[in-house]
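A.B. asks: One structure, as structure tokens, below. Some questions next.
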Amino acid sequence: QPLRLGEWVTQRSVIKAITPKEGKNGRLCFVIVEHELLVDGQRRLLEEQTILYREPVTTSGDAVAAPPAPVASDFAASDFAANDFAATCHPTPAMLFRYSALTFNSHRIHYDADFCRQHEGYPDLVVHGPLTATLLLDLFYRQYPGKRITSFSYRGVSPLFNPQPFTVHGTAGGQAWASNASGGLAMSATVEMQTR
């Protein structure tokens, strides 16, 4: 059953697993968090979120460290070569700041370019993974206005950066993905829908 505007919702979040690993760029830690949204004690939404934490990047002066290597994926961008519909997004600092405000995300990688370069080793502002996922969902919503999205899962594979454009793609079969300006895979997703 969907969430309805005006309902009182309780969110329960539980850390399900913490897994430290060693990567090419240093130590990593994967944290799996389960979020459950309840209305009158009844579950309306269940989300499992995997968060990747990494060691701080060391940079000297204005030098920018290479961004982290893409996360391993079951897919490559070439697996998704034939889309049925797509849209290109041109991120801006204002867009990223607004999404941060909307989602109460105060991480500086989304609004402070100097911080990104000097402390995180990124070339510019980082596009939020959930923003990319939201744009993928919006693509399906606009393509199929008579259908209801019943399930959505996504996996971030590599970061997207301001001001580089990126494209969100979809197929009638429910495959979705985002590709960076070079055509490389940034996110893979699946969407399940049913007629309203």
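A.B. asks: Let's see if you can work this out: charge +1 on each Lys and Arg Cβ, -1 on each Asp and Glu Cβ, no other charges. What is the dipole magnitude of the chain about its Cα centre, in debye to the nearest 20?
C.D. replies: Details: 17 positive and 18 negative charges, 75 e Å.
Result for the chain is approximately 360 debye, rounded to the nearest 20.
A.B. asks: May I ask you to derive the FRET efficiency for PHE97 and HIS119 from their Cβ-Cβ distance with R0 = 22 Å, giving the value to the nearest 0.05?
C.D. replies: On the way: r = 18 Å, r/R0 = 0.82.
Approximately 0.75, to the nearest 0.05.
A.B. asks: Looking at [x] 1.02; [y] 0.97; [z] 1.00, which value of Rg/Rh (Cα atoms, Kirkwood Rh) comes from a calculation on the structure shown?
C.D. replies: For Rg/Rh (Cα atoms, Kirkwood Rh), the calculated option is [y].
A.B. asks: Place +1 on the Cβ of every Lys and Arg and -1 on the Cβ of every Asp and Glu in the stretch 1-56, take the dipole about the Cα centre, and give the residue among LEU37, GLN49, ASN25 whose Cα lies farthest towards its positive end.
C.D. replies: ASN25
A.B. asks: Could I ask something else about it? With the dipole of the chain worked out from charges on the C-beta (+1 for Lys and Arg, -1 for Asp and Glu) around the Cα centre, which of PRO2, PRO123, TYR144 lies farthest toward the positive end?
C.D. replies: Ranked along the dipole, the leading option is PRO2.
A.B. asks: Let me spell out the model: positive unit charges on the Cβ of Lys and Arg, negative unit charges on the Cβ of Asp and Glu, origin at the Cα centre of the stretch 1-56. What dipole size does that give, in debye rounded to 20? Could the numbers behind the result be given before it?
C.D. replies: On the way: 9 positive and 8 negative charges, 39 e Å.
With only Lys, Arg, Asp and Glu charged at Cβ, the dipole is about 180 debye.
A.B. asks: Magnitude of the Cβ-charge dipole of the stretch 95-163, K/R +1 and D/E -1, about the Cα centre, nearest 20 debye?
C.D. replies: On the way: 7 positive and 5 negative charges, 84 e Å.
In total the dipole reaches around 400 debye.
A.B. asks: First select every other residue whose beta carbon is under 14 angstrom from the beta carbon of ASN25; then total the charges, Lys and Arg +1, Asp and Glu -1.
C.D. replies: Working: positive: LYS21, LYS24, ARG27, ARG54; negative: GLU22, GLU55, GLU120.
Summing Lys/Arg as +1 and Asp/Glu as -1 gives +1.
A.B. asks: Something else: May I ask for the distance between the Cα centers of the stretch 140-182 and the stretch 11-44, given as a whole number of Å?
C.D. replies: 22 Å
FYI, it's all coordinate maths here, none of it is from the lab. Keep in mind that what you see is a predicted model, and the values were worked out from it rather than measured. As a convention, Cβ positions derive from the backbone with ideal geometry for all residues, glycine included, and neighbour counts pool all protein chains shown.
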